[in-house]
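Participant: Here it is, the structure, as structure tokens.
All of the numbers you see were taken from the coordinates with simple rules; none came from a lab. None of these values were measured; they are calculated from a predicted model. Cβ atoms come from the backbone with ideal geometry, glycine included; neighbour counts cover every protein chain shown.
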Amino acid sequence: MAVIKHAEQRVGVFIDTQNLYHSAKNIYKTRVNFGAMLKEAVAGRELIRARAYVVTTESGEEKGFFEALTKLGIEARTKDLQVFFGGAKKADWDVGLAVDAITMAPKLDTVILATGDGDFVPLVQYLQMHSGCQVEVISFGKSASGRLKEAADDFVDMDADPKKYLINYRPMRRNSRTDNTTSQKEEDLG
């Protein structure tokens with residue numbers, strides 16, 4: 001089935017902030033450009049609501065980030081970081097994001113999930129079957145679940161143009177000294 005995107009479609013974007021943050025940090029050693037990501041996800045359609053699911057810390061250092069999201073038109077849904085006896089920490093928004101997407105689906109034509117987390121496959125399937133919504137996913141393909149990519153009606157791979165979706169992105173340069181050392185080791189083994 002072909003994915004249809006037209007200006008009159010009502011769109012809701014649900015952003016798994018932690019998932020995108022860690023993907024950008026681990027793959028590219030930088031941060032996500034949420035403005036560019038949102039623009040690409042909406043694709044000229046009517047944005048009804050954009051929500052980012054974020055975790056607050058005791059230090060409050062994320063306040064500037066929350067303000068930046070608001071300026072982009074993204075509502076920040078916050079949850080405190082839970083610290084358990086023994087030092088374990090937990091901050092999971094999966095259920096909250098899923099409930100919001102299901103609750104808002106009747107007012108939307110398209111639900112867009114900004115995540116690569118395979119735990120959302122049942123949500124995608126539920127929305128497709130019960131709401132009639134087109135469900136799209138935008139994320140970094142290198143770290144996204146294959147099952148999630150397959151389940152979605154459309155998948156936008158932010159790895160296809162990292163410069164567009166990352167702040168201060170610089171492609172990693174290969175170190176010629178490292179390359180020579182690696183080549184020498186390969187020759188020694190061969």
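Participant: For the chain, what is the charge dipole size about the Cα centre, in debye to the nearest 20, if Lys and Arg each add +1 at the Cβ and Asp and Glu each add -1 at the Cβ?
Facilitator: That gives the chain a dipole magnitude of about 540 debye.
Participant: Between Arg10 and Arg49, how many nm apart are label points set 7 Å from Cα along the C-beta direction?
Facilitator: It works out to 1.1 nm between the two label points.
Participant: Have a look at His130, Val54, Leu148 and report the one farthest towards the positive end of the charge dipole of the chain, computed about the Cα centre with Cβ charges (Lys/Arg +1, Asp/Glu -1).
Facilitator: The Cα lying farthest towards the positive end belongs to Val54.
Participant: So, R0 is 30 Å and r is the distance between the beta-carbons of Ile27 and Asp80; what FRET efficiency does that work out to, to 0.05?
Facilitator: Result of the calculation: an efficiency of 0.60.
Participant: Same structure, new question: Can you list residues from other chains, or at least 5 along the same chain, whose modelled amide H is less than 5 Å from the amide H of Ala114?
Facilitator: Phe14, Ile15, Asp16, Ile138
Participant: How charged is the neighbourhood of Val54? Take every other residue with its Cβ under 13 Å from the Cβ of Val54, and add Lys/Arg as +1 and Asp/Glu as -1.
Facilitator: Here the charged neighbours net out to -3.
Participant: Determine the sum of side-chain charges near Lys5: Lys and Arg each +1, Asp and Glu each -1, restricted to other residues whose C-beta is under 15 angstrom from that of Lys5.
Facilitator: Numbers: positive: Arg10, Lys39, Arg45; negative: Glu8, Glu40, Glu46, Asp109, Glu136, Asp153, Asp154.
So the surrounding residues net to -4.
Participant: Can you give me the long-range amide H partners of Glu46? Hydrogens built in the peptide plane at 1.01 Å from N, cutoff under 5 Å, separation of 5 or more residues or another chain.
Facilitator: For Glu46, the qualifying residues are Gln9, Val11.
Participant: At 222 nm, what helix-only mean residue ellipticity would the chain give, in deg cm²/dmol to the nearest 500, using -39500 (n - 2.57) for each DSSP H run of four or more? Intermediate values should be presented prior to the final figure.
Facilitator: On the way: 8 runs with 75 residues, N = 190.
Calculated mean residue ellipticity at 222 nm is -11500 deg cm²/dmol.
Participant: Using R₀ = 22 Å, calculate the FRET efficiency as 1/(1 + (r/R₀)^6) where r is the Cβ-Cβ separation of Lys142 and Ala2; round to 0.05.
Facilitator: Working: r = 26 Å, r/R0 = 1.17.
With a Förster radius of 22 Å, E is 0.30.
Participant: Ok, one more. Would you mind telling me the antiparallel percentage of the DSSP bridges in the chain, rounded to 5?
Facilitator: On the way: 4 of 31 bridges.
Taking every DSSP beta bridge within the chain, about 15 percent pair in antiparallel fashion.
Participant: Relative to the compact globular guide of 2.2 N^0.38 Å, what is the alpha carbon radius of gyration of segment 10-185, as a ratio?
Facilitator: Rounded to two decimals, the normalised Rg is 1.13.
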